[in-house]
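The values are calculated or read from the model by the stated rules, or taken from the named source; none is laboratory data. It should be emphasised that the depicted structure is a prediction, and the values quoted were computed from it without experimental measurement. All Cβ positions, even for glycine, are placed from backbone atoms using ideal geometry, and neighbour counts span all protein chains on display. The protein model used for the area step is the full one, side chains on, heavy atoms only, and it has no ligands, DNA or RNA in it. Shrake-Rupley method; radii C 1.70, N 1.55, O 1.52, S 1.80 Å.
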Amino acid sequence: MRLVDSHVHLDDRKFDADREAVIERALAAGVERMMAIGTGSGPPDLETAIRQAERYPFMLATIGVHPHDAGKATAETFERLRELAAHPKVAAMGEIGLDYHYDFSPREVQRAVFRKQLEIAAEAGKPVVVHTREAWADTMELLRQGSKPLSDVRGSETDSEPRPSGSGWRGIIHCFTGDSQQAREALDLGFCLAFGGVLTFPKADAVREAARITPEDRLLVETDCPYLAPAPHRGRRNEPAFVVEVARRLAEVRGATLDEIAGQTTRNFERLCLRGGAVNG
Ligand SMILES: [Zn+2]
Ligand SMILES: [Zn+2]
């Protein structure tokens, strides 16, 4: 079995005591690749994930400013992100987006910083890893604008020509916890949906329905560790090895085998995140 954990925060302090053991367990469980999310504690440090990914051949990195830290972003931040996007380990920009649950940064600032990073990702030809919480409509609106060539955004707003769907190149809605209608909305924009621990929670029927209707070439799995551990580990620290439990549940929901889900989600990740030239191994 080959699995990818498309979203890990192994830089978190919760892993300081046993990080190497956690990584060993993931490899032993069949997780052959992990994407380290580089938002860390926010600017000015933008290289958290790159530092980590440079140490392991099976690890890729993202760069970006989390919506929580949007207030810390400056013109220098964006300039540095542009440079770092060319680093051989950088596979995507993220996690970027909007979080109206915590509102750690003013919403207007969150939107501006998200929009700016979508532009940088488009220029660099990198997919984006999107975080959205209690901000669905605004997130979709910005992605709709950001997924057009920049000249179109600056030009006619009445241009409603449908984008080619099915390409799946633009990015990932990470930790997808919406319903099937929201899933369709994101899928129509060309996004992949990454399912995590929430998929295994008893009350998450709407999320499972979304996972059921998602085309097989748009599915990804993730842990978002150390957060949101799947059943039967719920409530404990999450770790990449547990992505197997997410994949197992996804297989159940879709009437597929674990091997099929592992193969499909791994191919999807490779298509989306490795073709931009990121180095793996
Ligand atoms: Zn997130
Ligand atoms: Zn995350």
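Mind checking which residues of the stretch 243-275 are open to solvent by less than 40 Å² (accessible area, probe 1.4 Å), of a type outside the set (Gly, Ala, Ser), free of Cβ contacts under 8 Å to residues at least 60 places away in the same chain and closer than 16 Å to VAL198 by Cα? The answer is VAL246, LEU250, VAL253.
Of all residues in the stretch 90-110, those that are more than 22 Å from PHE176 (Cβ to Cβ) have Cβ atoms under 6 Å from Cβ atoms of residues that are open to solvent by 50 Å² or more (accessible area, probe 1.4 Å) and more than 14 Å from ligand 2 (Cβ to nearest atom), 6 or more apart or on another chain, in SER105/GLY71; VAL109/GLY71. If you go through the stretch 62-102 and keep only what is open to solvent by 10 Å² or more (accessible area, probe 1.4 Å), closer than 20 Å to HIS174 by Cα and away from ligand 1 (no atom under 15 Å from the Cβ), you end up with just LYS89. For ALA229, the conditions (1) free of Cβ contacts under 8 Å to residues at least 40 places away in the same chain; (2) closer than 13 Å to HIS7 by Cα; (3) not in a loop (DSSP other than H, G, I, E, B) all hold with the exception of (3).
Is at least one residue of the stretch 125-136 over 20 Å from ILE173 (Cβ atoms), open to solvent by 20 Å² or more (accessible area, probe 1.4 Å) and in contact (Cβ under 8 Å) with a residue 40 or more places away in the chain? It would help to see each step written out before you state the result.
Start the filter on the stretch 125-136 by keeping residues that are over 20 Å from ILE173 (Cβ atoms), which leaves none.
Within the stretch 125-136, none of the residues are over 20 Å from ILE173 (Cβ atoms), open to solvent by 20 Å² or more (accessible area, probe 1.4 Å) and in contact (Cβ under 8 Å) with a residue 40 or more places away in the chain.
Screening ILE50 against (1) without any contact (Cβ under 8 Å) to a residue 40 or more places away in the chain; (2) closer than 25 Å to LEU118 by Cβ; (3) away from ligand 2 (no atom under 16 Å from the Cβ) leaves a single unmet condition, (1).
Working carefully through the options HIS131, HIS68, HIS87, find the one that is of a type outside the set (Lys, Arg), in a loop (DSSP other than H, G, I, E, B) and either modelled with pLDDT of 95 or more or away from ligand 2 (no atom under 15 Å from the Cβ) (or both). First the steps, then the outcome.
Values: HIS131 fails: in a loop (DSSP other than H, G, I, E, B); HIS68 fails: in a loop (DSSP other than H, G, I, E, B).
Going through HIS131, HIS68, HIS87 in turn, the sole match is HIS87.
Residues in the stretch 71-84 that are out of contact with any Leu (no Cβ under 8 Å at 6 or more places or on another chain) and under 19 Å from PHE104 (Cβ atoms) were compared, and the one that is farthest from ligand 2 (Cβ to nearest atom) is THR74.
For the stretch 16-28, the candidate set comprises residues that are within 23 Å of ALA278 (Cβ to Cβ) and not charged (D, E, K, R); within that set, the residue that is farthest from ligand 2 (Cβ to nearest atom) is LEU27. Taking the listed residues ALA186, ALA194, the one that is more than 16 Å from ligand 2 (Cβ to nearest atom), within 21 Å of ARG271 (Cα to Cα), surrounded by 24 or more Cβ atoms within 10 Å (Cβ to Cβ) and at pLDDT 95 or above is ALA186, with no other qualifying. Just one residue in the set THR257, THR200, THR223 is within 16 Å of ligand 2 (Cβ to nearest atom) and on the phi < 0 side of the Ramachandran plot; that residue is THR223. Taking the stretch 101-128 as the range and being in a loop (DSSP other than H, G, I, E, B) and in contact with a strand residue (DSSP E or B) (Cβ under 7 Å, 6 or more places away or on another chain) as the test, the residues that pass are HIS101, LYS126, PRO127. Scan the stretch 49-60 for residues that are away from ligand 1 (no atom under 16 Å from the Cβ) and under 24 Å from ARG13 (Cβ atoms) and jot them down. Residues satisfying the conditions are ILE50, ARG51, GLN52, ALA53, GLU54, ARG55, TYR56, PHE58, MET59, LEU60. Pairing each residue of the stretch 14-33 that is in a helix (DSSP H, G or I) with any residue that is open to solvent by 20 Å² or more (accessible area, probe 1.4 Å) and of a type in the set (Lys, Arg), provided the two are 6+ apart or on different chains, yields C-beta distances under 7 Å for LYS14/ARG237.
Here LEU228 fulfils each of the conditions (1) more than 21 Å from ILE23 (Cα to Cα); (2) buried (at least 18 other Cβ atoms within 10 Å of the Cβ) apart from (1).
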